[in-house]
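Inspection log for the structure reproduced underneath, given as structure tokens.
All of the numbers you see were taken from the coordinates with simple rules; none came from a lab. Keep in mind it's a predicted model, so treat the numbers as computed, not measured. Cβ coordinates were reconstructed from backbone atoms using ideal geometry, including for glycine residues, and neighbour counts include every protein chain displayed.
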Amino acid sequence: MAARKKANDNQVLPVLDIQGLTVSLPDDADRPFAIENVEFNVGRGEIVCVVGESGSGKSVTAHTVMGLNPKKQLKPVAGKVLLEGEDLLVKTDAEMRQLRGERMAMIFQEPMTALNPVMKVGDQIAEMLEIHTDMSASERAARVLDVMRDVKLPDAEQMMHSYPHQLSGGQRQRIMIAMALSLEPGLLIADEPTTALDVTTQAQILDLIKDIQASHGTGVMFITHDFGVVAEIADRVVVMQHGRIVEQGDAKQVLTKPKHPYTRMLMASVPSLTPPKRKPVKSSTVALETHNLDKTYFSSGWLRAGRTVKAAQQVDLHVHRGETLGVVGESGSGKSTVARCIVRLIDPTGGEVLIDGKNIAGLSANAMRPYRRDVQIVFQDPYRSLNPRRTVGQSIVEGPMNFGLSEADALERARELMRVVGLQPEALERFPHQFSGGQRQRICIARALAMEPTVLIADEAVSALDVSVQAQVLELLDDVRKKFDLAMLFITHDLRVAAQICDRIMVMQHGIVVEQGITAQVYAKPDHPYTRELLAAAPGRHAQFGAG
């Protein structure tokens, strides 16, 4: 598609030009506007990163451009949104449907919720072509193969006949990108497309978006809260806070010489890939250990050959009291499988799991019950971990009361733990939906501590949080480890986070431990090629934020 030009000169119009955009919130909201007086543009062949925490207005801005906001709740009340000179705010619904796909497209954060689970991925891409073009069926099939190859999907001829659940997270995200690119739109909006991906998959997707931007001349509006990603791909940066733009400019200038305190705070919260000096663990008591831990899944079906998946193989680990062992690796590496075997949410196929020297691997459900309190786990999504129909106080006291503590004593313990995690005891009467994501995660930590465990497992406990909230929760986890002398198993795919909180690191690949050692030593001089690959893939690994 040829770029449209101004009538009075030869200057090429921006693909997207947002002018004084203000979007109102409902009357009962905590502020009058979701976004206010937002102004920035995206040029052809340019990547503009829009950064900020949850509630900053990033996604509202993107959804307003695409015409996807609920009209009764979020209404544009001022400004213009110009797509190659045409104001999208005056378009009808039918006109916006035509523009979506043809001239602008969007990639969402979670492809599994954006893709139709009962429709083959090739058919979903072809559907875009059927709606917006007059291509024949054979032409559509050829175009589907072309865009799937463009996004570097392996064996496109085979994969186009697959369903979303049969693909990995990275492959599903590539399908979303293929759908977005099928009609070669001038504007591509990417809303946190790499947040939930492994570091190596994230690096591949970022490279892919850069390649597309360069080869197709596409203007990209990339929404993220990760300054590592910004350092990797951005031409320009727009920083948003509470619905307003507080700073924008050339990426190098904003990253090295940020002007606004909020921008500086966000950058200061980015975990460094350089592990800090940590005091040696004093305790010689081994609270958790596994020996030759195995987990194998067997599946079979009618008229289908059986399948065996070795999720964890011969895993040996140990964690002292007061120590944090990090377990890192990509999806499918076996990290969470090991955690669930230790907590006995799943039964190990073989090996031993020792808590304070007692092997719990083969215990029956009844025999396991007394040991449940000794090992507690904090999951990635705190909202799914808490019962929405119960107050947070009820959720925290339930466990201790099940183990014999009186209601009065359990409530007193809950009040004290709320103070420990930085929340007011009065908040015990509130429900989970009345808290932010970071606050809910603090509540989940308090609930785990209420059991007075020996071992605390954090399974991707900060990966869904904003960078500043993430920093606060990491500091909290480190504090409670010291305060309660916990042995902590910290599972993550984020090597920056692992560098800051872990005394030792264990690297897993395909269910096997390929390397482990003191964090600083592993990061400085990794022995295994896979560890080197993970470290090399960390976004913005060479960036110096705010260095000047």
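Annotations for the structure displayed:
- Relative to the current alpha-carbon distance between residue 468 and residue 214, full extension at 0.36 nm per residue lengthens the span by 88.2 nm.
- Spin-label model, residue 384 to residue 398: label points 7 Å out along the Cα-to-beta-carbon direction sit 1.7 nm apart.
- Charge tally for residue 431 (other residues, Cβ to Cβ under 12 Å; Lys, Arg +1; Asp, Glu -1): +3.
- Only one residue of 394, 338, 133 has its Cα farthest out toward the positive end of the dipole of the chain, where Lys and Arg carry +1 and Asp and Glu -1 on Cβ, and that residue is 394.
- Bridge type composition, the chain - antiparallel percent by DSSP, nearest 5: 55 percent
- Dividing the convex hull volume of the alpha carbon atoms of segment 391-501 by its residue count gives 95 Å³ per residue.
- Between segment 312-337 and segment 68-85, the alpha-carbon centres lie 47 Å apart.
- Fully extending the segment from residue 307 to residue 155 would add 52.6 nm, taking 0.36 nm per residue of separation and subtracting the current Cα-Cα distance.
- Cα-projected label distance for residue 274 with residue 371, points at 7 Å along beta-carbon direction, nm: 4.3 nm
- Calculated FRET efficiency for the pair residue 72/residue 94, C-beta based, R₀ 22 Å, to 0.05: 0.70
- Cα convex hull volume per residue for segment 335-385 (Å³): 93 Å³
- The local environment of residue 363, defined by Cβ-Cβ distances under 13 Å, has a net charge of +1 under the rule Lys, Arg +1 and Asp, Glu -1.
- Taken about its Cα centre, segment 277-389 carries a charge dipole of about 380 debye when Lys and Arg each add +1 at the Cβ and Asp and Glu each add -1 at the Cβ.
- Relative to its Kirkwood radius, the Cα radius of gyration of segment 397-442 gives an Rg/Rh of 0.99.
- With a Förster radius of 35 Å applied to the C-beta separation of residue 475 and residue 146, the computed FRET efficiency comes to 0.10.
- With only Cα atoms counted, the chain has Rg and Dmax values of 25.2, 82 Å.
- Under the simplified labelling scheme, the residue 286-residue 27 pair shows an inter-label distance of 6.7 nm, with each label point 7 Å from Cα along Cα→Cβ.
- Assuming charge only on the beta carbon of Lys and Arg (+1) and of Asp and Glu (-1), the dipole of segment 1-148 about its Cα centre is about 140 debye to the nearest 20.
- Charge tally in the Cβ shell below 11 Å around residue 208, where Lys, Arg are +1 and Asp, Glu are -1, residue 208 excluded: 0
- Gap separating the Cα centres of segment 444-501 and segment 193-220, nearest whole Å: 30 Å
- Shape call, segment 112-184: gyration tensor on alpha carbons, a/c limit 1.5: prolate
- Charge dipole of segment 112-184 about the Cα centre (unit charges at C-beta), most positive-ward option of 171, 159, 118: 171
- Bridge type composition, segment 288-537 - antiparallel percent by DSSP, nearest 5: 55 percent
- The chain - percent relative contact order, Cα under 8 Å, separation 6 or more: 16 percent
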